[in-house]
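Engineer: I'd like to ask some things about the structure below.
The values are calculated or read from the model by the stated rules, or taken from the named source; none is laboratory data. Here the structure is a predicted model, which means the values were calculated and not measured. All Cβ positions, even for glycine, are placed from backbone atoms using ideal geometry, and neighbour counts span all protein chains on display.
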Amino acid sequence: MWQEVREELHPRNFELVTVCLDVAGAAAARPFIEAARPRHPALIDVEHRTGEVLGMVNIPSGVWIDEAGVIVRPAEPAFARRPPTGGSGPAADAGADRMTQILAEAAHIRIDPERYLVALRDWVEQGAASPYALPPEEVVRRSRPRPPEASRAAAHFELAQHLHRAGHAGDAVVHFREAHRLQPDNWTYKRQAWSLVPSVEGPLARYWQGPAPGREDQWPYDGDWLSDVRQIGPENYYPALDM
């Protein structure tokens, strides 16, 4: 979907750069990148530095950077179109399988791709004159604050990634859990940790992000994607776009 937007806007000096945040690196991301056959730079960030530096706490997030390298819109939800599960749909009862329940909750996640693309096209056309290109003081105001807890969470998350890559998955869990406790609204921290637990096998394994059926007592985290989304309400999974 973003490939189409890039091809539309590239002749007007717009470039799209996509970044995959995944400690598993190329092994996990390569099949998706190769299937998409992007003509834009498609990077893999195994240390989540992009999220740490730019204040991203969920994906997909977009940041607008002008020709001078200045951020004119900080991290915010960025969709090119409405996914098949987005916008509406019936709720799944508790007896449905986990993926059915996940899709039912995802159907009620609030996104606004239409308005986002209107703003993006206007910025590409008008540059600094676009009302959607924010002045520096507004960029700073909208950027996420970095209290001490967030910095400590980043340190624990980085240590957890290092331990996982070194083959110490059990030790990594301790620090993933602490990162979740210190910054509970950081979904990239949660989703990364949850996706590393081999709960089920098959193509949906990375999207399961929760305990295996009948083995809930073996799940090493206090939360999981389905439980946490239900706790906050899927409509609050992303903040509302402030255009």
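Engineer: Which one of Asp222, Asp185, Asp171 is in contact with a helix residue (DSSP H, G or I) (Cβ under 9 Å, 6 or more places away or on another chain), farther than 30 Å from Thr100 by Cβ, of a type in the set (Asp, Glu) and not assigned by TED's automatic domain parsing to the domain that holds Asn58?
Structural biologist: Just a single option satisfies the conditions, and that option is Asp171.
Engineer: Right, another one. Evaluate region 118-137: report whether one residue or more is assigned to a loop (DSSP other than H, G, I, E, B), out of contact with any helix residue (DSSP H, G or I) (no Cβ under 6 Å at 6 or more places or on another chain), closer than 23 Å to Trp187 by Cβ and not hydroxyl-bearing (Ser, Thr, Tyr).
Structural biologist: Within region 118-137, none of the residues are assigned to a loop (DSSP other than H, G, I, E, B), out of contact with any helix residue (DSSP H, G or I) (no Cβ under 6 Å at 6 or more places or on another chain), closer than 23 Å to Trp187 by Cβ and not hydroxyl-bearing (Ser, Thr, Tyr).
Engineer: Also, quick follow-up: Anything in region 178-192 that is closer than 26 Å to Arg110 by Cα and either in a loop (DSSP other than H, G, I, E, B) or not aromatic (Phe, Trp, Tyr) (or both)? List them, or say none.
Structural biologist: Within region 178-192, Ala179, His180, Arg181, Leu182, Gln183, Pro184, Asp185, Asn186, Thr188, Lys190, Arg191, Gln192 meet the criteria.
Engineer: Based on what the data block shows, is Ala160 surrounded by 12 or more Cβ atoms within 10 Å (Cβ to Cβ) and within 18 Å of Arg49 (Cβ to Cβ)?
Structural biologist: yes
Engineer: Within region 193-219, restricting attention to residues that are modelled with pLDDT under 90 and not in a loop (DSSP other than H, G, I, E, B), which residue is surrounded by the fewest Cβ atoms within 10 Å (Cβ to Cβ)?
Structural biologist: Ala205
Engineer: Within region 2-15, does at least one residue satisfy the condition of being more than 30 Å from Pro148 (Cβ to Cβ), surrounded by fewer than 18 Cβ atoms within 10 Å (Cβ to Cβ), among the aromatic types (Phe, Trp, Tyr) and modelled with pLDDT under 90?
Structural biologist: For region 2-15, residues more than 30 Å from Pro148 (Cβ to Cβ), surrounded by fewer than 18 Cβ atoms within 10 Å (Cβ to Cβ), among the aromatic types (Phe, Trp, Tyr) and modelled with pLDDT under 90: absent.
Engineer: I'd like the full set of residues that are outside any loop (DSSP other than H, G, I, E, B) and either polar (S, T, N, Q) or surrounded by fewer than 18 Cβ atoms within 10 Å (Cβ to Cβ) (or both), limited to region 220-243.
Structural biologist: Ser227, Arg230, Gln231, Ile232, Pro234, Glu235, Asn236
Engineer: Here is a further query. Among residues belonging to region 13-68 that are touching a residue at least 60 places away in the same chain (Cβ under 8 Å) and in a helix (DSSP H, G or I), point out the one that is nearest to the chain's Cα centre (by Cα).
Structural biologist: Gly51
Engineer: With respect to Glu201, determine if the residue is in contact (Cβ under 8 Å) with a residue 12 or more places away in the chain, assigned by TED's automatic domain parsing to the domain that holds Asp228 and among the acidic types (Asp, Glu).
Structural biologist: For Glu201, the condition - in contact (Cβ under 8 Å) with a residue 12 or more places away in the chain, assigned by TED's automatic domain parsing to the domain that holds Asp228 and among the acidic types (Asp, Glu) - is not met.
Engineer: Condition (residue is within 17 Å of His48 (Cβ to Cβ) and either surrounded by fewer than 13 Cβ atoms within 10 Å (Cβ to Cβ) or modelled with pLDDT of 95 or more (or both)) applied to region 134-146: is it met by at least one residue?
Structural biologist: Yes.
Engineer: Among the residues of region 77-123, what is the count of those that are modelled with pLDDT of 95 or more and small (Gly, Ala, Ser)?
Structural biologist: Of the residues in region 77-123, 2 are modelled with pLDDT of 95 or more and small (Gly, Ala, Ser).
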